[in-house]
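The block underneath contains the structure these notes are about, expressed in structure tokens.
The values are calculated or read from the model by the stated rules, or taken from the named source; none is laboratory data. Fair warning: this is a prediction, and the values are worked out from it, not measured in the lab. Every residue, glycine among them, receives a Cβ derived from its backbone with ideal geometry; neighbour counts consider all protein chains shown.
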Amino acid sequence: MADFTKRTIADMAADHPDIDLGTTGSMHEVDWPVEEEYWRGAFSSRPYTLADRGFGFYRPAYRYGAESAARHHGREWHQVEPELERGWEAARGESRSTWQEVKDAVRDAWDHVRGHD
């Protein structure tokens, strides 16, 4: 039975060490298929996209931004951008894009998940 005397998810999870809350104490998740559908339709109208780069170029950045916004819930962009930049090489998968080429897309997805677009 739920203990409603606990004020936060982190408080509730403290009694259950098997729950992994990551580094932020957040359990927010992103529905990537929904986000992907949104970005597939919206990416070409964004000011940072280039005509010779299709959705596939920006897709890993959108996913990284969306998932990072959920994972770092409660932190601001300026607090996590250096960390995200360092993590881009591992997060980009097969993409050969650089952080400089996609950071605006990562930020755009971050803002979208946060409701700031």
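I'm checking my understanding of the structure. Among residues of segment 99-117 that are out of contact with any helix residue (DSSP H, G or I) (no Cβ under 8 Å at 6 or more places or on another chain) and not in a helix (DSSP H, G or I), which one is surrounded by the fewest Cβ atoms within 10 Å (Cβ to Cβ)?
If we take residues in segment 99-117 being out of contact with any helix residue (DSSP H, G or I) (no Cβ under 8 Å at 6 or more places or on another chain) and not in a helix (DSSP H, G or I), then Gly115 is surrounded by the fewest Cβ atoms within 10 Å (Cβ to Cβ).
Considering only residues of segment 64-93 that are among the basic types (Lys, Arg) and over 11 Å from Trp110 (Cβ atoms), which is surrounded by the most Cβ atoms within 10 Å (Cβ to Cβ)?
Arg92
Filter segment 62-80 for residues that are in a helix (DSSP H, G or I) and free of Cβ contacts under 8 Å to residues at least 24 places away in the same chain and give the result.
Residues satisfying the conditions are His78, Gln79, Val80.
Conditions tested, residue by residue: (1) modelled with pLDDT of 95 or more; (2) farther than 25 Å from Gly41 by Cα; (3) of a type in the set (S, T, N, Q).
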position: Glu81; (1), (2), (3): yes, yes, no
position: Glu85; (1), (2), (3): yes, yes, no
position: Glu101; (1), (2), (3): yes, no, no
position: Asp104; (1), (2), (3): yes, no, no
position: Asp108; (1), (2), (3): yes, no, no
position: Asp111; (1), (2), (3): yes, no, no
position: His116; (1), (2), (3): no, no, no
